[in-house]
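Below is one structure, written out as structure tokens; the observations come after it.
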């Protein structure tokens, strides 16, 4: 990508903010995501996938947990839109996950209260069920076994 990664820069900056600032800013940015056209959504997701591994994991984990918590407060439709966009990009370009600490990401998910994990898991399960067999196989190869078991896919 030759253009500046503005979304990535925002992500890096958000990761360093204290929660009382990070959470409302991230919530506002997430609400803006749903008003974007598909091309802009794809760019935001690509920038996030590019920026994520560049953030120190302790800061990334705080930001990722906040993102998950906010997603739990959104509607099922909005969670489906968000996760579907990410999953589609990852199934089309699984190499984008190589630099991520997937076990660490799963630990962040597991640190959420049970009711939040249930909400997120239900959304993820429905998305995976909606994919064709080829994409489900790709997802199964990418997702760690412990995560598949916990989510129920």
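The values are calculated or read from the model by the stated rules, or taken from the named source; none is laboratory data. What you see is a predicted model; the values in this text were computed from it and never measured. Here Cβ is always computed from backbone atoms with ideal geometry, including for glycine, and neighbour counts include all displayed protein chains.
Scan the range 22-31 and tell me whether some residue there is touching a helix residue (DSSP H, G or I) at 6+ places or on another chain (Cβ under 9 Å) and part of a loop (DSSP other than H, G, I, E, B). First the steps, then the outcome.
Step one: list which residues in the range 22-31 are touching a helix residue (DSSP H, G or I) at 6+ places or on another chain (Cβ under 9 Å), which gives 22-23, 25-27, 29-31.
Among the residues that remain, those that are also part of a loop (DSSP other than H, G, I, E, B) are: none.
Checked against the condition, which is being touching a helix residue (DSSP H, G or I) at 6+ places or on another chain (Cβ under 9 Å) and part of a loop (DSSP other than H, G, I, E, B), the range 22-31 yields no hits at all.
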Report summary line: For residue 98, the lone unmet condition from (1) surrounded by fewer than 12 Cβ atoms within 10 Å (Cβ to Cβ); (2) under 18 Å from residue 55 (Cα atoms); (3) at pLDDT 95 or above is (3)
Query raised in the report: Just a yes or no: is a residue in the range 102-114 without any contact (Cβ under 8 Å) to a residue 40 or more places away in the chain, within 14 Å of the chain's Cα centre (by Cα), buried (at least 17 other Cβ atoms within 10 Å of the Cβ) and assigned to a helix (DSSP H, G or I)?
Result: no
Report task. Please specify each residue of the range 65-87 satisfying the condition of being more than 14 Å from residue 116 (Cα to Cα) and in contact (Cβ under 8 Å) with a residue 12 or more places away in the chain. Result -> 78, 80, 81, 82, 83, 84, 85, 86, 87
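May I ask you to verify whether residue 130 is under 13 Å from the mean Cα position of the chain (by Cα) and farther than 29 Å from residue 18 by Cβ? Break it down stepwise before answering.
Working: under 13 Å from the mean Cα position of the chain (by Cα): no; farther than 29 Å from residue 18 by Cβ: yes.
Considered against the rule, which asks whether it is under 13 Å from the mean Cα position of the chain (by Cα) and farther than 29 Å from residue 18 by Cβ, residue 130 comes out as no.
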Query raised in the report: For the range 138-153, which residues satisfy the criterion of being in a helix (DSSP H, G or I), under 16 Å from residue 94 (Cα atoms) and in contact (Cβ under 8 Å) with a residue 24 or more places away in the chain?
Result: 138, 139, 141, 142
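Considering each of 60, 83 in turn, give the residue that is in contact with a helix residue (DSSP H, G or I) (Cβ under 9 Å, 6 or more places away or on another chain), assigned to a helix (DSSP H, G or I), surrounded by 17 or more Cβ atoms within 10 Å (Cβ to Cβ) and modelled with pLDDT of 95 or more. Walk me through how you get there before you give the answer.
Details: 60 fails: modelled with pLDDT of 95 or more.
Matching residue, one of 60, 83: 83.
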